[in-house]
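Encoded as structure tokens, the structure appears first; notes follow it.
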Amino acid sequence: MSIKPDSELYSIPIKWIPSSISFQRYVNILTTTSLPTYIKNSLIVATTTTLICIIIGSMAAYSLARLDIRGKKIILSLVLAISMFPAISIVSPLFLILRDFGLLNSYLGLIIPYTTFALPLTIFILTSFFRTIPFELEEAARVDGATYFQAFIKIILPLVTPGMFTTAILVFIRSWNEYLFALTFNMSDSMRTVPVGLTMFQGEFAVPWGDISAATIIVTIPLIIGVLIFQRRIISGLTAGSVKG
């Protein structure tokens with residue numbers, strides 16, 4: 001639809017192959033709308049959320065999976081329980097809190113709630129990856145005088161890199177596609193993210209399906225590029241622990 005002439009968008013029967021191809025809609029979307037700003041905002045929020053979740057989540061998952069902590073099963077259960085809260089049930093309290101702290105229409109106003117919901121998922125997924133690493137490797141490092149933190153950074157962390165990439169992609173996509181919080185907390189056009197921005201593509205008398213299609217393709221490109229770049233690590237992470245030998 002994004003490369004079809006307007007006259008063929010609603011033709012009956014449907015013309016699957018357009019009579020002429022035009023990329024003018026892509027040019028118009030990038031030059032006459034706020035889509036580049038929406039993409040920038042989504043990249044900043046999603047990337048920051050992902051980095052925070054991976055850094056904090058990896059350390060928390062390591063502690064829950066490999067350290068002798070009393071009540072760690074209860075802690076992990078509480079982490080999962082937090083992720084089960086429906087977002088719609090806490091929108092109003094979060095709005096009031098962010099308003100009182102002056103965080104509405106800001107990146108931080110989205111990063112904080114995004115991290116709150118994505119971090120439990122990150123911890124849960126990474127915990128399963130850390131459990132697949134043989135404990136003998138860590139014990140050998142401890143015998144050689146390494147601290148728990150040194151063993152985590154130099155030995156365990158490199159072994160779970162595929163799992164971390166997989167988790168990072170999941171968190172990034174979740175943050176990139178989130179709509180409810182972005183719509184409620186960032187009302188300024190300059191701070192809107194991609195999902196909210198796409199809903200603003202409305203014509204006066206008709207829905208501009210061609211423009212919406214072009215915008216949808218444009219905002220999908222960063223996700224496709226990220227998956228293609230890290231596809232080997234993602235596949236390794238998805239299959240880690242599936243075969244024991």
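The values are calculated or read from the model by the stated rules, or taken from the named source; none is laboratory data. Quick caveat, the model's predicted, so the values are computed rather than measured. Every residue, glycine as well, gets a Cβ built from its backbone with ideal geometry; the counts of neighbours run over all protein chains shown.
Brief remarks on what is shown
- Number of positions in region 83-107 that are surrounded by 14 or more Cβ atoms within 10 Å (Cβ to Cβ) and either in a helix (DSSP H, G or I) or acidic (D, E) (or both): 8
- Residue that is modelled with the highest pLDDT [pool: residues in region 56-82 that are part of a helix (DSSP H, G or I), more than 22 Å from the chain's Cα centre (by Cα) and not aliphatic (A, V, I, L, M)]: S63
- Filter result for the condition that a residue is in contact with a Cys (Cβ under 8 Å, 6 or more places away or on another chain) and among the small types (G, A, S), over A118, A146, A140: A118
- Some residue of region 18-41 being buried (at least 20 other Cβ atoms within 10 Å of the Cβ) and modelled with pLDDT of 95 or more: yes
- Of all residues in region 60-82, those being in contact (Cβ under 8 Å) with a residue 40 or more places away in the chain and either exposed (fewer than 15 other Cβ atoms within 10 Å of the Cβ) or not hydrophobic (A, V, I, L, M, F, W, C) (or both) number 4.
- No other residue among T116, T161, T147 is at pLDDT below 85, on the phi < 0 side of the Ramachandran plot, surrounded by fewer than 19 Cβ atoms within 10 Å (Cβ to Cβ) and of a type in the set (V, I, T) apart from T147.
- First in region 142-154 and within 13 Å of M59 (Cα to Cα), second anywhere and surrounded by 10 or more Cβ atoms within 10 Å (Cβ to Cβ) and at pLDDT 85 or above, Cβ under 7 Å, 6 or more apart: F152/Y62
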